[in-house]
Amino acid sequence: MNLDKLLEYTENLKEEIAEIKLHSDDVRHSFFGLFYTNIYDYYIGKASYRLAEFIGNGDVKFTERVYPFNIHAQRLFEIQDFDLLSVGYHGNLNRNIIFGVWTSFELSISLIFEHLATENDLEIIIKKLNSKVIKAIANLEEQEKNIIMDNLKKSSFIPLLRKFNFLVKRKTNCYSGDLKEDREFLNFAVKLRNCMIHSNGIYHGNEYYYKFGEEEFRFVDKQMFMQKGPNNKDVYLDIAIRLKGIFKNLMNCVSEIDYLEYPDDGQNIA
């Protein structure tokens, strides 16, 4: 996506957020506000790189008043002069947009899940996640089983995809997207996010392949994840946009929530 299209996309996002009929502090509204800030930061990063190219080519002139800044400007246009710096710069933009959008997506889904899931819902999910443990304690006294179950409730990690599945299954045909494809995309996004943020690109787990548009991703245990295709720069923006689309598809499944406050300082996100 070129800069003009990216700028246009940020402007359209502002209009879309303004039309959301939710309190500005609502978790769902705040997700879109946070998404906008992540896209805007990505846009500023790309615009700064283009400015560095103009400076490096001598197309930007410095007046006498700002000439002392020239030494810092030289550092700025170094980015586009050296491949190592350029690759690192764009790689950082990619990591930031994946980390930022995924974090707000995951938090928003979790907050909605915690709001809607009953004690009975949690017990069913936790029993499924710990089926081997539940089977092993089947013959224990009821009191002992209750103690173990209480500990499982406190310590069990519920994966994001489980929370997502719970939300979309609550109502018949509430989800407005392709549920099968979006589930698989989230499975991919979790692996990509963990590689990029937690292990410097190294994947740990069963071998996995995913094709996103024309871009191919392969994950092999204890190896750097592999990416192949013509769109290796903009694909991370496209991944972020897909996450936003999935969240929007989910909105009808949780429409009965009147207001769910985002846990911040009470200031508007957008």
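The values are calculated or read from the model by the stated rules, or taken from the named source; none is laboratory data. On a predicted model such as this, the values are computed, not experimentally measured, just so you know. Because the Cβ atoms are built from the backbone with ideal geometry, glycine has one as well, and the counts that use them run over all protein chains shown. We work out accessible area using only protein heavy atoms, side chains counted, and drop any ligands, DNA or RNA first. Shrake-Rupley method; radii C 1.70, N 1.55, O 1.52, S 1.80 Å.
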### Task
Kindly indicate whether LEU161 is free of Cβ contacts under 8 Å to residues at least 40 places away in the same chain and in contact with a Lys or Arg (Cβ under 9 Å, 6 or more places away or on another chain).
yes
#### Entry: Index of the failed condition, LYS163 passing every other in (1) surrounded by 14 or more Cβ atoms within 10 Å (Cβ to Cβ); (2) out of contact with any Ser or Thr (no Cβ under 7 Å at 6 or more places or on another chain); (3) at pLDDT 85 or above
(2)
### Task
Count, please, the residues in segment 114-151 that happen to be of a type outside the set (Val, Ile, Thr), under 30 Å from the mean Cα position of the chain (by Cα) and open to solvent by less than 80 Å² (accessible area, probe 1.4 Å).
8
### Task
Report, by residue number, each residue of segment 26-84 that is of a type in the set (A, V, I, L, M) and over 28 Å from ASP238 (Cβ atoms).
ILE55, VAL60, VAL66, ILE71, ALA73
### Summary
Pairing a residue in segment 234-252 that is surrounded by 17 or more Cβ atoms within 10 Å (Cβ to Cβ) with any residue that is at pLDDT 95 or above and among the polar types (S, T, N, Q), where Cβ atoms lie under 8 Å and the two sit 6 or more apart in sequence or on different chains, gives ALA240/ASN38; PHE247/SER108
### Message
So, restricting to helices (runs of 4 or more DSSP H) that lie completely within segment 1-99, which ones have at least 1 residues that are open to solvent by less than 50 Å² (accessible area, probe 1.4 Å) and among the β-branched types (Val, Ile, Thr)?
### Response
3-18, 27-56
### Message
Just to verify a result, which residue in segment 48-84, among those that are of a type in the set (Gly, Ala, Ser) and out of contact with any helix residue (DSSP H, G or I) (no Cβ under 6 Å at 6 or more places or on another chain), is nearest to THR103 (Cα to Cα)?
### Response
SER48
### Task
Being open to solvent by less than 90 Å² (accessible area, probe 1.4 Å), under 16 Å from ARG28 (Cβ atoms), touching a Leu at 6+ places or on another chain (Cβ under 7 Å) and in contact (Cβ under 8 Å) with a residue 60 or more places away in the chain narrows it down to one of LEU260, LEU186, so name that one.
LEU260
### Message
Can you confirm whether ILE202 is within 17 Å of VAL101 (Cβ to Cβ) and either at pLDDT below 95 or surrounded by fewer than 14 Cβ atoms within 10 Å (Cβ to Cβ) (or both)?
### Response
no
### Query
On the given criteria, is LEU85 touching a residue at least 40 places away in the same chain (Cβ under 8 Å) and either under 23 Å from ILE197 (Cβ atoms) or of a type outside the set (Phe, Trp, Tyr) (or both)?
no
### Query
For LYS154, are the conditions met, namely being open to solvent by 80 Å² or more (accessible area, probe 1.4 Å), of a type outside the set (Gly, Ala, Ser), assigned to a helix (DSSP H, G or I) and over 30 Å from GLY45 (Cα atoms)?
yes
### Query
Would you say ARG170 is more than 22 Å from the chain's Cα centre (by Cα), closer than 17 Å to ILE246 by Cα, open to solvent by 80 Å² or more (accessible area, probe 1.4 Å) and not aromatic (Phe, Trp, Tyr)?
yes
### Query
Does any residue of segment 226-242 turn out to be among the charged types (D, E, K, R) and in contact with a helix residue (DSSP H, G or I) (Cβ under 8 Å, 6 or more places away or on another chain)?
yes
### Task
Kindly establish whether ASP178 is within 22 Å of LYS244 (Cα to Cα), in contact (Cβ under 8 Å) with a residue 12 or more places away in the chain and of a type in the set (Asp, Glu).
no
